[in-house]
Amino acid sequence: MGPKRIFRMRSDRQATEGDKQNPTRDPFFSASSKQGTEMSPSITRFGAARTSLIAGGLCLLAMLHGQAFAEGPELFMVEEDWEMTINDPEPNINSPQVAFFLYPDSEHDDCYFQLQMNYAAEDSYSSGGFRVGAFCNEIPVDEERSPIRQSLAWDNDHIEWTSAMAVFNGQLMFAVKDGHGMQWGNFGGPEYLVQMDDQNLHCLDHYTPQKSLESVDIGFGANRVASIRLKTVRLTYTDGHTTTIHVNQVAH
């Protein structure tokens, strides 16, 4: 089953032929983060846990290490490396518009994180850039909007980024990091971290890459997307070890 809540918003201008809805849907930050912008006051709202994630998870791992020995290692952080190639964007109608979903528990669709690429839609709509959001029981819990508001306009633009998710201290967290596109340049970073209650999920053991692949939704302008690929997934456990999965599967 795909995600229950899909935001697929078109611009008010008339769409060209082929720009139609596709019904088939199928922490975190290193010290060398590419994003170098000044941090807003909102970056401090998650306190020490957020700071630990931004530092690359090292402090967080140290805090969890004792628990790992007592209870056995659990999966607490997931990082997905994505790439998307745009073949013929149409900025006048803000096409394409693509949504990505990351589920803490692949067996339940009621709580998830969402990344909207080339648009932002919730109660209102705006074009270009990206938006991240946390949703639980169909209710938006947290969101961040990128300062980038350019609609994709370059042919053959190649966009890469990492979607990261973690559970810690009763909170589920999600962020976009290490993003780069030919038109947008570098994007993502600690300002784009959202969170929600962990819903009694104390680990991410029920995460699956296949769920992320199946949930990719090109709500508008599928003909303008050449490919979407999930390249690599990194799983980090509470005992400090990381498992790398070379997925290399196409979602579109």
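Would you check if residue 120 is of a type in the set (Gly, Ala, Ser), out of contact with any Pro (no Cβ under 8 Å at 6 or more places or on another chain) and surrounded by 21 or more Cβ atoms within 10 Å (Cβ to Cβ)? Against the criterion (of a type in the set (Gly, Ala, Ser), out of contact with any Pro (no Cβ under 8 Å at 6 or more places or on another chain) and surrounded by 21 or more Cβ atoms within 10 Å (Cβ to Cβ)), residue 120 qualifies. Determine whether residue 239 is more than 18 Å from residue 134 (Cα to Cα) and outside any strand (DSSP E or B). Judged against the criteria, residue 239 is a match. Residues 238, 243, 232: which one is farther than 17 Å from residue 158 by Cα, surrounded by fewer than 20 Cβ atoms within 10 Å (Cβ to Cβ) and among the β-branched types (Val, Ile, Thr)? Only one candidate passes the filter, namely 243. Taken together, the residues in the stretch 172-199 that are in a strand (DSSP E or B) and in contact with a helix residue (DSSP H, G or I) (Cβ under 7 Å, 6 or more places away or on another chain) amount to 4. Taking only the stretch 208-235 into account, find how many residues are closer than 15 Å to residue 81 by Cα and assigned to a loop (DSSP other than H, G, I, E, B). So the count comes out to 2.
The residues in the stretch 107-145 that are in a loop (DSSP other than H, G, I, E, B) and either modelled with pLDDT of 95 or more or under 13 Å from residue 194 (Cβ atoms) (or both) can be counted, and the count is 1. Just checking, does the stretch 181-200 include any residue being among the hydroxyl-bearing types (Ser, Thr, Tyr) and surrounded by 21 or more Cβ atoms within 10 Å (Cβ to Cβ)? There is at least one residue in the stretch 181-200 that is among the hydroxyl-bearing types (Ser, Thr, Tyr) and surrounded by 21 or more Cβ atoms within 10 Å (Cβ to Cβ). On inspection, residue 81 does not qualify as assigned to a loop (DSSP other than H, G, I, E, B) and either at pLDDT 95 or above or more than 26 Å from residue 210 (Cα to Cα) (or both).
Filtering the stretch 150-163 to residues that are in a loop (DSSP other than H, G, I, E, B) and either touching a Lys or Arg at 6+ places or on another chain (Cβ under 6 Å) or not aliphatic (A, V, I, L, M) (or both) leaves 150, 151, 154, 155, 156. Scoring residue 166 on the criteria (1) assigned to a strand (DSSP E or B); (2) surrounded by fewer than 17 Cβ atoms within 10 Å (Cβ to Cβ) leaves a single failure, condition (2).
The values are calculated or read from the model by the stated rules, or taken from the named source; none is laboratory data. Source: prediction; values computed, not measured. Every residue, glycine among them, receives a Cβ derived from its backbone with ideal geometry; neighbour counts consider all protein chains shown.
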